[in-house]
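S.K.: The following block contains the structure, expressed as structure tokens.
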Amino acid sequence: MERTLILLKPDCVQRRLMGRVIGRFEEKGLNVIAMKMLQVAPDLAKQHYAEHVEKPFYPGLEAFITGSPIVAMVIEGLEAIRVVRDMLGATNGLNAAAGTIRGDFSSSRQMNLVHASDGAESAAREVSLYFADDEICSYEPTLTPHMRAGDEG
Ligand code: CMP
């Protein structure tokens, strides 16, 4: 099982797309094991986007991500990090394949609706930025026997 950090960004919240995006993850069979709404402070934005802080687009990215509330979630599932990124599609909504979340709902590079961790190391780092261990509620869904065979993990 893998865990990945998902942010429903301000554009997702403002456009009332939270339910549809969460629904896509649920329908896929992924488990939401932590969730909270918050307004990102500039310090947290700098920690989250540490690799982008020096880039020319960072000031705009920080203004956007701190501008109105987001929803942070931890999602758990088999190969969840790759599966979720495949579901999101390319970073720029204009390039994201139809059928992906960004391909269906975004026409922007910055306002691409959802952030997801890009690897195991960043997932561990990002989950701990937003959630304490006791805020994560891992559980075995009763649906599991109907979602995959026992030898699939
Ligand atoms: P995200 O997956 O949250 O990770 C970094 C974010 O920076 C990315 O989504 C985009 O929203 C944003 N981003 C990446 N490249 C650019 C760019 N060239 N100009 C503006 N924003 C960008």
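S.K.: Can you check how the C-alpha radius of gyration of the stretch 2-142 compares to 2.2 N^0.38 Å, as a plain ratio?
M.R.: In units of the globular-protein estimate, the stretch 2-142 measures up at 0.98.
S.K.: Would you mind working out the accessible area per residue for the chain, using a 1.4 Å probe, and quoting it in Å²?
M.R.: I get 54 Å² per residue for the chain.
S.K.: Also, quick follow-up: Please give the net charge around Lys46, taking every other residue with its beta carbon less than 14 angstrom from that of Lys46, where Lys and Arg add +1 and Asp and Glu add -1.
M.R.: In short, -3.
S.K.: Oh, and also: Which whole-Hz couplings ³J(HN,Hα) result when phi for each residue of the stretch 25-34 is put into the Karplus expression 6.51 cos²θ - 1.76 cosθ + 1.60, θ = phi - 60°, listed in order with x for Gly and Pro?
M.R.: 5, 5, 4, 5, x, 7, 9, 7, 10, 6
S.K.: Follow-up question, since we're still on this one. Pick from Gly119, Gly93, Gly77 the residue whose mean-square fluctuation is largest in a GNM of the chain, springs joining Cα atoms under 10 Å.
M.R.: Of Gly119, Gly93, Gly77, the most mobile in the Gaussian network model is Gly119.
S.K.: Pop out the carbon and sulfur fraction of the accessible area of the chain as a percent, whole number, probe 1.4 Å.
M.R.: The nonpolar share, carbon plus sulfur, comes to 51 percent.
S.K.: Something else now. If you take every DSSP beta bridge fully contained in the chain, what fraction is antiparallel? Give it as a percent rounded to 5.
M.R.: Of the beta bridges lying entirely in the chain, close to 95 percent run antiparallel.
S.K.: Considering the chain as a Gaussian network with a 10 Å cut-off on Cα pairs, which listed residue, Lys55, Lys36, Lys28, attains the greatest mean-square fluctuation?
M.R.: For the chain, modelled as a Gaussian network with Cα springs under 10 Å, the answer is Lys55.
S.K.: Sticking with this structure for a sec: When the helices in the chain are scored as -39500 (n - 2.57) per DSSP H run of 4 or longer and the sum is shared across all residues, what 222 nm value do you end up with, to the nearest 500 deg cm²/dmol?
M.R.: -10000 deg cm²/dmol
The values are calculated or read from the model by the stated rules, or taken from the named source; none is laboratory data. Please read all numbers here as calculations on a predicted model, not as lab measurements. All Cβ positions, even for glycine, are placed from backbone atoms using ideal geometry, and neighbour counts span all protein chains on display. Accessible surface is based on the protein model in full, side chains and every heavy atom, while ligands, DNA and RNA are left aside. Shrake-Rupley method; radii C 1.70, N 1.55, O 1.52, S 1.80 Å.
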